[in-house]
């Protein structure tokens with residue numbers, strides 16, 4: 001059985017519609033139509049109401065590295081509670097190990113250049129972000145709309161591009177079997193070329209969050 005902050009391919013694949021990405025380099029799944037359209041619309045409204053410029057941990061000096069906007073989703077919102085319920089049902093991860101659900105908004109030309117979601121133990125912000133809750137375990141990201149053009153999430157190392165489609169969920173394990181960060185999770189939220197892109201992201205930790 002997975003530990004409280006963890007899930008597994010076996011747990012995820014036990015649910016209908018979950019597809020494993022066929023790569024030995026990464027544990028990753030895709031779930032088409034994970035979120036219904038009405039729930040996506042409610043989440044987009046919340047993002048529009050409370051968005052702010054996105055920020056970076058371990059800032060690298062590139063002011064254009066992440067140009068999206070971000071929203072910390074309030075846990076008491078009915079739409080947020082429903083997402084949390086669906087994710088718990090899918091992953092089996094103890095909700096206490098989850099970071100605050102986060103929304104992102106990308107306009108035309110905005111992107112998040114190649115990055116990993118796990119934290120570098122040698123990075124300047126390791127103590128700030130990981131001293132209490134530990135490393136990130138799994139990432140789950142859902143697209144809230146179908147983007148007119150662009151906005152693809154590219155995992156270059158495994159030759160995988162995921163097109164943003166309404167309700168689609170993608171999830172991956174950020175670690176290698178020995179617990180170290182998996183460099184093959186490096187991914188790029190590519191520029192939106194037409195329309196807008198909305199996503200929500202849920203990260204889980206080794207230890208309880210908050």
Gain in span if fully extended, residue 188 to residue 48, counting 0.36 nm per residue against the direct Cα distance:
48.1 nm
Please list the radius of gyration and Dmax for the chain, considering alpha-carbon atoms only, with Å as the unit.
15.9, 44
Quick check on the chain: helices-only [θ] at 222 nm, where DSSP H runs of length 4 and up contribute -39,500 (n - 2.57) each and the sum goes over total residues. Nearest 500, please.
-5000 deg cm²/dmol
Starting from the Cα-Cα distance between residue 114 and residue 57, subtract it from 0.36 nm times their residue separation and give me the gain in nm to one decimal.
19.1 nm
Segment 31-110 versus segment 147-179: alpha-carbon centroid distance in Å
15
Calculate, for residue 107 and residue 11, the FRET efficiency according to 1/(1 + (r/R0)^6) with r their C-beta to C-beta distance and R0 35 Å; round to the nearest 0.05.
0.45
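No value in this document is a laboratory result; all are computed from the given coordinates. Nothing here was measured: the structure is a model prediction, and the numbers come from that model. No Cβ is skipped: glycine too gets one built from the backbone with ideal geometry, and neighbour counts run over all protein chains shown.
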